[in-house]
């Protein structure tokens with residue numbers, strides 16, 4: 001697991017690292033950690049390979065919430081864990097989809113539960129779907145699927161996050177994929193679209209806007225149910 005720790009208290013940062021390292025060793029996880037005391041230095045680094053950021057909030061240069069906002073914009077999949085002495089910051093952290101809050105006076109007790117939750121999250125994000133192509137089958141990570149588009153020829157076009165070029169043409173019907181992806185964060189917007197909700201940036205006026213700027217039509221007859229499903233899913237991730 002690749003992590004960073006940002007805290008202007010070097011002693012506490014070292015103690016936190018020791019607890020995380022011990023927890024990872026018990027789980028047989030390899031650990032790579034970089035410790036920072038300056039928010040600005042963190043923001044100047046390339047953190048594209050970092051999976052988890054443990055962030056203090058109350059720092060004199062730039063507070064941890066502001067750092068988290070910038071990290072979330074640059075690295076949408078990074079797991080953000082706030083380690084703070086001030087619980088009043090918790091509501092603000094939801095704006096950046098903070099994964100967890102750990103109070104500094106309880107971190108020894110809470111770090112194990114946090115690592116278990118991180119393990120579940122990382123496993124969830126590496127789930128794959130086996131899709132059948134014309135001449136072969138292939139596994140696609142769920143987090144790499146933007147949406148499926150149904151066609152009238154028992155074919156489904158798979159639009160990928162990591163590949164804005166040609167889409168994959170998969171065998172089967174859109175309904176088949178909808179059944180396979182129940183409870184996996186996908187929603188049927190329309191008879192032609194099955195979308196990964198992680199990549200919805202806006203749902204309004206019978207349309208969905210995706211993070212890449214694409215706009216998809218939402219069924220008018222099912223619009224209220226779709227809005228309700230999306231809000232429930234979004235709330236479950238806070």
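The values are calculated or read from the model by the stated rules, or taken from the named source; none is laboratory data. In this text, all values refer to a predicted model and were calculated from it rather than measured experimentally. Positions of Cβ are backbone-derived with ideal geometry, glycine not excepted, and every protein chain shown enters the neighbour counts.
When only residues in the range 156-175 that are modelled with pLDDT of 90 or more and surrounded by fewer than 16 Cβ atoms within 10 Å (Cβ to Cβ) count, which is nearest to residue 234 (Cα to Cα)?
So, considering only residues that are modelled with pLDDT of 90 or more and surrounded by fewer than 16 Cβ atoms within 10 Å (Cβ to Cβ), the one nearest to residue 234 (Cα to Cα) is 175.
Right, residue 66: outside the structural domain of residue 199 (by TED's automatic domain parsing), part of a helix (DSSP H, G or I), under 19 Å from residue 98 (Cα atoms) and at pLDDT 90 or above or not?
Details: outside the structural domain of residue 199 (by TED's automatic domain parsing): yes; part of a helix (DSSP H, G or I): yes; under 19 Å from residue 98 (Cα atoms): yes; at pLDDT 90 or above: yes.
Yes: the conditions hold for residue 66.
Considering only residues that are assigned to a strand (DSSP E or B) and surrounded by 17 or more Cβ atoms within 10 Å (Cβ to Cβ), look in the range 102-139 and name the one that is modelled with the lowest pLDDT.
Among those that are assigned to a strand (DSSP E or B) and surrounded by 17 or more Cβ atoms within 10 Å (Cβ to Cβ), it is 102.
Out of 34, 72, I need the residue that is under 30 Å from residue 161 (Cβ atoms), in a strand (DSSP E or B) and outside the structural domain of residue 144 (by TED's automatic domain parsing). Which one?
34
Can you go through 82, 54 and tell me which one is part of a strand (DSSP E or B) and within 22 Å of residue 234 (Cα to Cα)?
82
Quick one: in the range 199-213, of everything that is without any contact (Cβ under 8 Å) to a residue 60 or more places away in the chain and out of contact with any strand residue (DSSP E or B) (no Cβ under 6 Å at 6 or more places or on another chain), which residue is surrounded by the fewest Cβ atoms within 10 Å (Cβ to Cβ)?
213
If you scan the range 140-153, which residues turn out to be at pLDDT 85 or above and over 18 Å from the mean Cα position of the chain (by Cα)?
148, 149, 150, 151
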